[in-house]
Amino acid sequence: MKTKVKFTNVYKTFELHAKRSEKILNLFSLSSKKKKFKEFIALSDISFEVYEGESIGLVGLNGSGKSTLSNIIGGVIQATEGEIEINGETSIIAISAGLNGSLTGMENIELKCMMHGLSKEKIKEVTPDIIDFADIGGYINQPVKDYSSGMKSRLGFAISVHTDPDILIIDEALSVGDSTFAQKCLNKMNEFKKQGKTIFFVSHSAGQMKQFCDRVIWLDYGTLKEIGDSTTVVDNYQKFTNWFNKLSNDEKKAYKKEMLGKQYRYTDVIKKKEISNKKERTSQFIKNTLAILPVVAFTILLLLGY
Amino acid sequence: MFNSVRQVIREQIEFRDLIFRMAKFENKGMYQVHYLGTFWQFLSPAIQVAIYWFVFSTIRGGAPVGETPFFLWLIIGLIPWFFISPSIIQGSNSVYQKIGLVSKMNFPVSVLPTIRIVSNSNQFFVMLGILIVIALSYGVKPSIYNIQFIYYLICLFAFLFAFSLLSSTIATLIRDYQTALQSVMRMLLYMSPVMWDTSLISRTFPVVGPLLENILRLNPLYYIIEGFRDSILGRAWFFEDMVYTGYFWLLTLCLLYFGAKIHMKFRKNFMDYL
């Protein structure tokens with residue numbers, strides 16, 4: 001089977017700055033050498049491999065890194081460390097994103113398909129399918145700002161699934177629509193699965209997970225706690241949440257504090273920056289000077305009135 | 001050395017169709033809720049021109065610049081300015097505004113500033129039509145100099161592209177820049193030869209005046225606006241002043257070089273800086 005997505009020891013950290021000015025200094029790598037930065041480790045040492053035609057569920061409590069992981073797969077943000085191999089086009093299905101409120105549904109279909117890189121002919125071809133799938137009747141010719149939130153998510157979902165990606169990431173997109181629409185979406189995704197597409201599925205619904213996913217990844221405070229057969233992992237996850245819910249409020253707080261504490265660390269940011277070696281830096285400096293020098297020369301000429 | 005410049009330009013050419021169609025949608029979206037629709041693109045600058053005409057051609061007069069009536073002189077500078085100023089400000093803001101939307105798809109981010117420039121050009125070309133009518137009604141005779149108007153249009157678009165590419169990256173990383181840019185643009189209206197003839201300085205301060213005027217000429221918009229006047233009023237050829245032409249193009253290339261470089265460096269990480 002062909003590997004679609006492969007993560008090897010992937011980390012994602014966010015630098016926490018006490019002051020905004022530190023962020024700027026860091027941007028230009030000007031910060032003082034001794035200073036250490038506080039970092040939040042959103043994902044820590046994640047490794048897994050996903051094959052063609054698989055559907056993978058992502059479970060975990062809020063803030064466990066599910067969205068960070070799906071954003072990395074979708075290419076929205078970059079990992080800090082580690083190797084990522086992605087074979088194919090990815091598309092994140094984010095329900096309302098990218099709909100322009102003052103344009104009509106029809107115009108939004110054209111605009112969003114266009115932004116996904118579909119050709120004019122292809123857009124004409126899929127438009128009837130999208131309208132049919134969204135199933136919002138005459139509202140398709142009304143401005144999107146007049147839509148209900150359900151209609152918006154229907155239209156958004158309909159457009160996204162018709163842009164023909166190889167790897168789909170569905171980030172809690174189904175939780176908005178009603179159960180009939182959710183069923184329709186699940187059917188559509190089963191169709192994708194048969195076509196050999198890879199699907200990542202973020203959801204809090206254990207039922208949908210078990211019904212739809214082949215394997216499930218359980219993220220816990222940024223670490224990969226378990227990966228495996230969907231029924232086993234989802235059951236284990238439910239056992240964990242049940243255990244957690246039974247704790248007293250103080251115990252819950254203590255547990256959260258302990259786990260979150262593990263996600264902070266202090267690192268020497270400069271260390272990372274030094275990877276770009278001296279030689280490269282000098283050549284960059286020379287290039288930049290070469291670009292600026294003629295402008296400076298002509299500026300002087302101009303000022304002198306030549 | 002020019003790898004990133006090449007890639008950015010290649011993206012503009014490859015996605016030219018996308019640029020024009022997205023620009024059309026931008027305009028459509030902006031005026032969708034208006035009863036007069038895209039007619040406003042013509043109406044709002046026309047009203048502004050009418051006000052300037054009312055003040056400078058009927059009430060206050062204004063001394064002619066050289067042999068050119070003041071209103072005609074003013075309007076040749078003002079019409080490009082109505083295009084330049086919003087294009088620079090919106091072009092700089094374009095990446096920040098749209099990145100959340102386009103990062104979720106495979107979208108060439110470098111075309112975002114270009115889309116803003118293109119969507120504003122519609123209005124600009126309508127205004128150029130009005131400008132021609134005004135110039136003819138003031139008795140400007142067509143001359144061979146008019147041809148270089150095309151050259152200055154190329155200058156204008158090249159500069160806007162290079163500047164907004166650089167500017168859009170900076171404005172995404174440092175938000176203060178966008179606010180500062182708006183103030184600078186407001187100031188630049190009076191530092192460019194739009195509202196007044198800069199040779200006034202040399203006449204008022206004979207000693208330091210020429211140097212001050214040369215400092216004002218460092219502003220690349222000065223080159224473009226005076227260039228438009230040269231070509232419409234038939235005053236001079238652009239190659240008569242090679243030092244200034246050289247300065248303008250070197251500056252534009254330098255902006256493009258750094259603009260493309262930092263754009264490519266940060267494009268993958270834009271989301272982290274929001």
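The values are calculated or read from the model by the stated rules, or taken from the named source; none is laboratory data. Treat the numbers as computed from the prediction; the structure is a model and nothing was measured. Cβ: placed from backbone, ideal geometry, glycine included. Neighbour counts: every protein chain shown. Please note that ligands, DNA and RNA were not included when accessible areas were found on the heavy atoms of the full protein model with its side chains. Shrake-Rupley method; radii C 1.70, N 1.55, O 1.52, S 1.80 Å.
In the set A:Leu103, A:Leu111, A:Leu118, which member is within 11 Å of chain B (Cβ to nearest Cβ), modelled with pLDDT of 85 or more, crowded, with 17+ Cβ neighbours inside 10 Å and over 20 Å from the mean Cα position of the chain (by Cα)? I'd like the intermediate steps shown before the answer.
Numbers: A:Leu103 fails: modelled with pLDDT of 85 or more; A:Leu118 fails: modelled with pLDDT of 85 or more.
So the residue among A:Leu103, A:Leu111, A:Leu118 that is within 11 Å of chain B (Cβ to nearest Cβ), modelled with pLDDT of 85 or more, crowded, with 17+ Cβ neighbours inside 10 Å and over 20 Å from the mean Cα position of the chain (by Cα) is A:Leu111.
When you scan the stretch B:241-248, do you find a residue that is in contact (Cβ under 8 Å) with a residue 60 or more places away in the chain and either on the phi > 0 side of the Ramachandran plot or open to solvent by less than 20 Å² (accessible area, probe 1.4 Å) (or both), even just one?
Yes, the stretch B:241-248 contains at least one residue that is in contact (Cβ under 8 Å) with a residue 60 or more places away in the chain and either on the phi > 0 side of the Ramachandran plot or open to solvent by less than 20 Å² (accessible area, probe 1.4 Å) (or both).
Tell me, yes or no, whether the stretch A:199-211 has at least one residue that is free of Cβ contacts under 8 Å to residues at least 60 places away in the same chain, assigned to a loop (DSSP other than H, G, I, E, B) and in the same structural domain as A:Ser67 (by the TED database). Checked against the condition, which is being free of Cβ contacts under 8 Å to residues at least 60 places away in the same chain, assigned to a loop (DSSP other than H, G, I, E, B) and in the same structural domain as A:Ser67 (by the TED database), the stretch A:199-211 yields at least one hit.
Kindly evaluate B:Ile262 against the criterion of being open to solvent by less than 50 Å² (accessible area, probe 1.4 Å), of a type in the set (A, V, I, L, M, F, W, C) and either farther than 30 Å from B:Val102 by Cα or touching a strand residue (DSSP E or B) at 6+ places or on another chain (Cβ under 8 Å) (or both). Here the answer is no, as B:Ile262 does not meet what is asked.
Looking at B:Phe149, B:Phe124, which one is more than 13 Å from every other protein chain (Cβ to nearest Cβ) and touching a Phe, Trp or Tyr at 6+ places or on another chain (Cβ under 6 Å)?
Criteria check complete, one pass: B:Phe124.
Check the stretch B:233-252 and report whether any residue there is in a loop (DSSP other than H, G, I, E, B), of a type outside the set (Phe, Trp, Tyr) and within 13 Å of chain A (Cβ to nearest Cβ). Taking every residue of the stretch B:233-252 in turn, at least one turns out to be in a loop (DSSP other than H, G, I, E, B), of a type outside the set (Phe, Trp, Tyr) and within 13 Å of chain A (Cβ to nearest Cβ).
Note on the stretch B:40-70: among residues that are out of contact with any helix residue (DSSP H, G or I) (no Cβ under 8 Å at 6 or more places or on another chain) and within 23 Å of B:Pro86 (Cα to Cα), the one that is modelled with the lowest pLDDT is B:Ser44. Scoring B:Val33 on the criteria (1) open to solvent by less than 50 Å² (accessible area, probe 1.4 Å); (2) part of a loop (DSSP other than H, G, I, E, B); (3) of a type in the set (A, V, I, L, M, F, W, C) leaves a single failure, condition (1). Counting the residues of the stretch A:47-63 that are modelled with pLDDT under 85 and buried (at least 19 other Cβ atoms within 10 Å of the Cβ) gives 0.
Please work out if A:Asn141 is open to solvent by 60 Å² or more (accessible area, probe 1.4 Å), polar (S, T, N, Q) and farther than 26 Å from A:Ile217 by Cα.
On the way: open to solvent by 60 Å² or more (accessible area, probe 1.4 Å): yes; polar (S, T, N, Q): yes; farther than 26 Å from A:Ile217 by Cα: yes.
Yes: the conditions hold for A:Asn141.
When the stretch B:133-159 is examined, which residues are found to be part of a helix (DSSP H, G or I) and exposed (fewer than 14 other Cβ atoms within 10 Å of the Cβ)?
B:Val133, B:Leu136, B:Ser137, B:Ile144, B:Ile147, B:Ile150, B:Ile154
So which of B:Leu233, B:Leu256 ends up being open to solvent by less than 50 Å² (accessible area, probe 1.4 Å) and either at pLDDT 90 or above or among the aromatic types (Phe, Trp, Tyr) (or both)? Quick ask: steps written out before the conclusion?
On the way: B:Leu233 fails: either at pLDDT 90 or above or among the aromatic types (Phe, Trp, Tyr) (or both).
Residue meeting the stated conditions: B:Leu256.
Contact annotation: residue pairs with Cβ atoms under 7 Å, 6 or more positions apart or on different chains, pairing a residue in the stretch B:167-180 that is outside any helix (DSSP H, G or I) with a partner that is not aromatic (Phe, Trp, Tyr), are B:Ile174/A:Ile24. Only a single item in (1) within 14 Å of another protein chain (Cβ to nearest Cβ); (2) β-branched (Val, Ile, Thr); (3) under 30 Å from A:Ser91 (Cα atoms) is not met by B:Thr38, and it is number (3). For the stretch A:213-225, does any single residue satisfy the condition of being in the same structural domain as A:Ile131 (by the TED database), open to solvent by less than 60 Å² (accessible area, probe 1.4 Å) and in a helix (DSSP H, G or I)? No, the stretch A:213-225 has no match at all.
Could you grab me the full set of residues in the stretch B:16-55 that are more than 26 Å from A:Glu107 (Cα to Cα) and free of Cβ contacts under 8 Å to residues at least 12 places away in the same chain?
Taking the stretch B:16-55 and keeping what is more than 26 Å from A:Glu107 (Cα to Cα), we get B:45-55.
Scanning the stretch B:16-55 gives B:Ile47, B:Ala50, B:Ile51, B:Phe54, B:Val55.
Within the stretch A:254-288, restricting attention to residues that are closer than 30 Å to A:Leu224 by Cβ, part of a helix (DSSP H, G or I) and at pLDDT 75 or above, the residue that is nearest to the chain's Cα centre (by Cα) is A:Leu260. Within the stretch B:253-274, if we keep just the residues that are of a type in the set (A, V, I, L, M) and in a helix (DSSP H, G or I), the residue that is nearest to the other protein chains (Cβ to nearest Cβ) turns out to be B:Met271.
Here B:Ile75, B:Ile9, B:Ile13 are screened, and the one residue that is out of contact with any His (no Cβ under 8 Å at 6 or more places or on another chain), more than 30 Å from B:Leu101 (Cα to Cα), away from every other protein chain (no Cβ under 14 Å) and part of a helix (DSSP H, G or I) is B:Ile75.
I'd like to know if the stretch B:202-221 contains one or more residues that are out of contact with any Lys or Arg (no Cβ under 9 Å at 6 or more places or on another chain), assigned to a helix (DSSP H, G or I) and among the aromatic types (Phe, Trp, Tyr). The answer is no; no qualifying residue exists.
Contact map, the stretch A:253-265: residues that are farther than 19 Å from A:Phe14 by Cα and touching a residue at least 12 places away in the same chain (Cβ under 8 Å) paired with residues that are in a helix (DSSP H, G or I) and among the β-branched types (Val, Ile, Thr), Cβ distance under 8 Å, separation 6+ or inter-chain. No pairs are found.
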